[in-house]
1. For the structure I just gave you, tell me whether residue 11 is hydrophobic (A, V, I, L, M, F, W, C) and surrounded by fewer than 11 Cβ atoms within 10 Å (Cβ to Cβ).
2. I'd like to check something: does the stretch 59-76 contain any residue that is farther than 17 Å from residue 98 by Cα, acidic (Asp, Glu) and in a helix (DSSP H, G or I)?
3. Which numbered condition trips up residue 28, out of (1) surrounded by 13 or more Cβ atoms within 10 Å (Cβ to Cβ); (2) touching a residue at least 24 places away in the same chain (Cβ under 8 Å); (3) more than 16 Å from residue 93 (Cα to Cα)?
4. Looking only at residues in the stretch 2-25 that are outside any helix (DSSP H, G or I) and more than 24 Å from residue 88 (Cβ to Cβ), which one is modelled with the lowest pLDDT?
Amino acid sequence: MMVSARGVADWHTNGQPIGNLTDSFAAIGSGWWPVIIFLAVAFIFHIALRYTRYRKFTYAIGANPLAARVSGIDVERHIVLVYMMAGLLSGLSGIVHTARDQRPGRGRRRLRARCDRRRRHPARRSPAASAA
């Protein structure tokens, strides 16, 4: 599936890297900003998972969804909320990752290098060949 998606992306962009992102976008992925973003998100979720009903509902649903439903928790609504949070965090990480790969073609070079490493096999020498 990923090969198909890359093929469609290459066809759509005529094989040219997309480089019209601004310098302020690139700043998100440089310096201390990724660390600051991580610490802010970690702090927010620490508070949410320590002191709110969100933690209690999530824990109750994870332990026993039927018991949580019987105790009055809207299980479907809360599961949707949990998946929305996961999607939000995935999107945020995608933005930071894209900002780090701001230079055109950088991601493609990294992908090719990874594929080349998988294709290469180290030459195996026999113990007699290494002793000579």
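The values are calculated or read from the model by the stated rules, or taken from the named source; none is laboratory data. Please read all numbers here as calculations on a predicted model, not as lab measurements. Cβ placement follows ideal geometry from the backbone for every residue including glycine, while neighbour counts extend to all protein chains displayed.
1. Spelling it out, residue 11 is indeed hydrophobic (A, V, I, L, M, F, W, C) and surrounded by fewer than 11 Cβ atoms within 10 Å (Cβ to Cβ).
2. yes
3. Answer for residue 28: the failing condition is (3).
4. 19
Yes/no matrix, rows are residues, columns are (1) touching a residue at least 24 places away in the same chain (Cβ under 8 Å); (2) over 17 Å from the mean Cα position of the chain (by Cα):
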position: 61; (1), (2): no, yes
position: 67; (1), (2): no, yes
position: 70; (1), (2): no, yes
position: 73; (1), (2): no, yes
position: 85; (1), (2): no, no
position: 93; (1), (2): no, no
position: 101; (1), (2): yes, no
